[in-house]
Amino acid sequence: FDLNNTLSKNECLIPLQELLKSSAFLVDDSCVFGVKILEIKLFSTEKKAAVVPKKVTTVQNLFIQKKGLIKGTYTWIMDNYHELDSKYFVCSPTFEVGGHKWHVGMYPHGRRNITNHVSLFLYLESSDKLCDESGKVVELTLSILDQKNGKHSTITSGLLVFGGESSRGWSKFLTVKKFKNPSRGYVVGSRCVVKTDFTIVGSSNDG
């Protein structure tokens, strides 16, 4: 779309009455929209205005709100965390939600160029990877539980899409200093507990 032009072409619109009557697009007065923009980079060796080709491929996804939201909760208990702490990456056992297989991954000392932080992600199993055209819209909450005081470290996302990208989460979930502070209760003895709550709120198809 054009930020300077608020008018869409006719083929991009759905009549309001059709939307209001639809049991698939509008559920409990809630509607979810998804947009995918393919970025086209144009380069010119000369100081001239770049010419955009007349035929440009565009992809549009409408994520349909499902009547019954699919909710999943998984608790990952690590009783041998001190053995895992030296590893670059550790992952939970696989669990199933919404007909798909998932696992939680932790980077105890940070992911890639991130250091001094615990990184935490939810992964869609590679063997169950969705294509971009059949993405799942997910609301995600990841928590590292405080086993002493109940003051858990929790982050909740907005709407995320699992499609071509098969993992979502936070590289800077919690500083290593806070995570290893004995008074915080994130690691007690050799036990660490990570909880995952997520809801599949829609899909780019009815499947």
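Rolling a 1.4 Å probe over the protein heavy atoms of the range 64-203, with every protein chain left in place, gives an accessible area that is 47 percent carbon and sulfur. Pairs spanning more than 29 Å between alpha-carbon atoms, out of Lys71/Lys180; Lys101/Lys178; Lys87/Lys195; Lys136/Lys177: Lys71/Lys180; Lys101/Lys178; Lys136/Lys177. Extension gain, Tyr88 to Asn181: 0.36 nm times the residue separation minus the Cα-Cα distance gives 31.5 nm.
Fully extending the segment from Glu96 to Leu69 would add 8.2 nm, taking 0.36 nm per residue of separation and subtracting the current Cα-Cα distance.
In the assembled protein chains, Trp76 presents an accessible area of approximately 20 Å² (probe radius 1.4 Å). If you look at the Cα atoms of the range 66-124, you get an Rg and a Dmax of 13.9, 44 Å.
About its Cα centre, the dipole of the range 64-203 is roughly 520 debye, where the only charges are +1 on Lys and Arg Cβ and -1 on Asp and Glu Cβ.
Per-residue accessible area (protein heavy atoms, 1.4 Å probe) orders Lys195, Lys172, Lys178 as Lys172, Lys178, Lys195, starting from the largest.
Here's how it looks for Thr175: its modeled amide H is under 5 Å from those of Val118, which are all 5 or more places away or on a different chain. Residues in the range 64-203 average 49 Å² of solvent-accessible surface per residue, probe 1.4 Å, ligands and nucleic acids excluded.
The values are calculated or read from the model by the stated rules, or taken from the named source; none is laboratory data. What you see is a predicted model; the values in this text were computed from it and never measured. Because the Cβ atoms are built from the backbone with ideal geometry, glycine has one as well, and the counts that use them run over all protein chains shown. SASA here: full protein model, heavy atoms, side chains in, ligands and nucleic acids out. Shrake-Rupley method; radii C 1.70, N 1.55, O 1.52, S 1.80 Å.
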